[in-house]
1. Scan around Ala32 for amide H atoms under 5 Å from its own, H built in the peptide plane at 1.01 Å from N, and keep only partners 5 or more places away or cross-chain.
2. Rounded to the nearest 20 Debye, what is the dipole magnitude of the range 65-168 about its Cα centre when Lys and Arg each give +1 and Asp and Glu each give -1 at the C-beta?
3. Can you tell me the order of 102-110, 71-79, 216-224 when each peptide is scored by its average per-residue count of other Cβ atoms within 10 angstrom, highest first?
4. With the Cα gyration tensor of the range 66-194 giving a ≥ b ≥ c as the square roots of its eigenvalues, does the rule (a/c under 1.5 for rounded; else a/b larger than b/c for prolate; else oblate) give rounded, prolate or oblate?
5. Find the relative contact order for the range 88-185 and round it to a whole percent, using C-alpha pairs within less than 8 Å whose residues are 6+ positions apart.
6. Please state the Cα pair-distance histogram of the range 3-263 with 5 angstrom bins from zero: what percent is in each bin?
7. If one computes the Cα centroid of the range 101-165 and of the range 47-77, what distance in Å separates the two points?
8. Taking amide H atoms as placed 1.01 Å from N in the peptide plane, list the residues 5 or more away in sequence, or in a different chain, whose amide H sits under 5 Å from that of Cys199.
Amino acid sequence: MSFARYGRISNMNPMEPTLLLSRSRVEVYVPALVRIPAGWFLMGCDTGQDNEKPVHRVWVDEFLLAARQVTNTDYCRFLRDTASSYPPPPFWSDPAFNHPEQPVVGVSWFEAVRYCEWLSASNGGNFRLPTEAEWERAARGGNKDAGALFPWGDAPPQSLPGYADRCAGHWQMGPEPVGRAESNAYGLFNMCDNVHEWCSDWYAADYYAVSPERNPRGPDSGERRSSRGGSWRHHIKISRCAARSSIPPEFKYADYGFRVACDAVIVAPLQSPEHRE
């Protein structure tokens, strides 16, 4: 898909979604996308859980990642266009979870994949869930401190301005509307907080010992799917960049959502993130 036909990909105003004109002249929705540059990074954490070890050098090709988690508004478009196929998630009508700009929750891995397939079919792109490696590289925001625990460095989340207010606000009962907190250096919102985000990989606790150096995509099979990021219902709401989690793909939890990734197409006039490595 040539995104140059439809508009810019940038992090200059990543909260603005894009309405694109398809060949049939019907408007279709595409989320705001941020270009994540190709490069090496150190994946994992020596001081983290056993499943985050060993720390290993990984190359990730350039890709595009949604600036924000998929919202109820976004998911409503999917439900509207596929009404005969997919029911609403189990928390769809719960006041704690149904604000239009809250991330959609209670979506299984299979439903997240179907959303990506629907988004791809509606506009000709190649939307998908990010791999664990892509997600961690994006969460780190190109931080020059290769071993930093969080996107901003090593300072604990409790030290961040506004953290206590967020905990006393929406996070008491559910996720907060997306994009209200500061983005990371790549222009991505809510990386490491709000809800766990499904990844495409199968999960294996010891995968890092055998992971390929370039573009790892997880084991060939498994019983659980990988996820990343923090959760509104955890004691500490913001996770470390390297923290891993997983659940069976059919599970539908109130603190599980997702964001979409897309293969990069190098065409003008795309703009890379302001942060340069």
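1. Sorted by chain and number, the residues that satisfy this are Thr18, Ala67.
2. In debye, rounded to 20, the range 65-168 gives about 180.
3. 102-110, 71-79, 216-224
4. oblate
5. 32
6. Going out from 0 Å in 5 Å bins, the range 3-263 shows 1, 6, 14, 18, 20, 18, 13, 7, 2, 1, 0 percent.
7. 4
8. Amide H neighbours of Cys199, under 5 Å, 5+ apart: Ser226, Ser227, Arg228.
Every read-out reported here was derived from the displayed coordinates using simple, explicitly stated rules and does not represent laboratory data. Bear in mind the structure is a predicted one, so any value in this text is a computation, not a measurement. Note that we place each Cβ from the backbone using ideal geometry, even for glycine, and neighbour counts take in every protein chain shown.
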